[in-house]
Amino acid sequence: MKGAFSIAFHPVPEPEEYDTGLRFTDVLFGFVIRELFLRLQNWAHLDSAVRLHLIVGTTLVLGSWIGFRRSLYRSSYQLKFFNLPLLRFLVDQLMLIFYFRIAVLTPAPTDIGRIAFPTTGDLVRSTSWLVMCVFILYAIWDWLGIWMLKTKVTGADRNKKPRYPVVKDKKMTAIEQPVNWLGSLITLVSMVALVVLWCLSDCLTPMPLFLTTTAVLLMYRWLKEIRTSWQLQSKT
C-alpha cells in the first residue's frame, strides 16, 4: 500500500521522447504572437502609449519564446499526474495566459470603433502588473526546477540518487543535474526591478515606464543568452 501511494505522488520518471509539451507550448505562443502582430499592423494610427505597450508586449513574448526554445533547463522528462515536470508545464501555460492578456489589452483592427481603447492610466497599470506577474512565474518556474534537481529517490538510496538525473540520448544517467543558480539570480533581480516599476506605475507616464520595462526585458534576455552561450561553450 505504501508503495502504491509513493507511485501515485511520485510517478517513476521517464525521459520525454516526442517533446509533446514543447510543441503544445509552441502552438500557444503562435496564437499570442498572432494577436500582437494584428495590432502592430495598425501602427500608423495608434496612440503613442499603445505603440509603447505593443513594444513591451512584443519584446516580452518574442524574448520568452526564444528563451523557451533555447533553455538548457527545460525538463527532459515526461509529464505525469502528479510530478514536478507537470507543475513546471502548468506554470508555462499560466505564463501564456498572461502573455495573451497583455496582447489583447487593446482592440484588434477589426474591433476598433466597437471596442474602446483603455485609458492611458489603465494601460500603464495593467501592462506593468501583467509583466510583473510573468516574472513572478519565472521565479516560481526556477524554484520548481531547483526542487526537481534536488529531489532524491526514496527508499534505500534516499539522499544518494537524484530522481531526475541528466538525460543523455533519451536515457536516464546517474549524473545529478547542476542547479541553475546564475539564471535564477538573473530572474530574481529582474523581477525585483519590475516590481518597483509596477509600484511606480501610478506616478510615471507611459514613455519612461514602458521604455524602462522594455530595457529590463532586453537586459534580462541578453544576460540569459550570455549565460546559455557560456554554458554551451564550456561543454565543448
Neighbours by Cβ (under 8 Å, 6+ apart or cross-chain): first from segment 196-225, among the charged types (D, E, K, R); second at pLDDT 95 or above and buried (at least 20 other Cβ atoms within 10 Å of the Cβ): K224/I186
Among the candidates T173, T151, residue that is among the polar types (S, T, N, Q) and without any contact (Cβ under 8 Å) to a residue 24 or more places away in the chain: T173
Residue within segment 42-54 that is outside any helix (DSSP H, G or I), surrounded by 19 or more Cβ atoms within 10 Å (Cβ to Cβ) and in contact (Cβ under 8 Å) with a residue 40 or more places away in the chain present: no
Candidates F117, F68, F98, filtered to the one that is in a helix (DSSP H, G or I) and at pLDDT below 95: F68
Qualifying residue in segment 154-171 (condition: hydroxyl-bearing (S, T, Y) and within 18 Å of L52 (Cβ to Cβ)): no
Only listed residue being modelled with pLDDT of 90 or more, out of contact with any Gly (no Cβ under 8 Å at 6 or more places or on another chain), part of a helix (DSSP H, G or I) and crowded, with 18+ Cβ neighbours inside 10 Å, chosen from I146, I186, I136: I186
Residue list for segment 68-96, filter: closer than 19 Å to G30 by Cα and hydrophobic (A, V, I, L, M, F, W, C): F68, F89, L90, V91, L94, M95, L96
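The values are calculated or read from the model by the stated rules, or taken from the named source; none is laboratory data. None of these values were measured; they are calculated from a predicted model. Quick reminder, even Gly has a Cβ in these numbers, built from the backbone with ideal geometry, and neighbours come from all protein chains shown.
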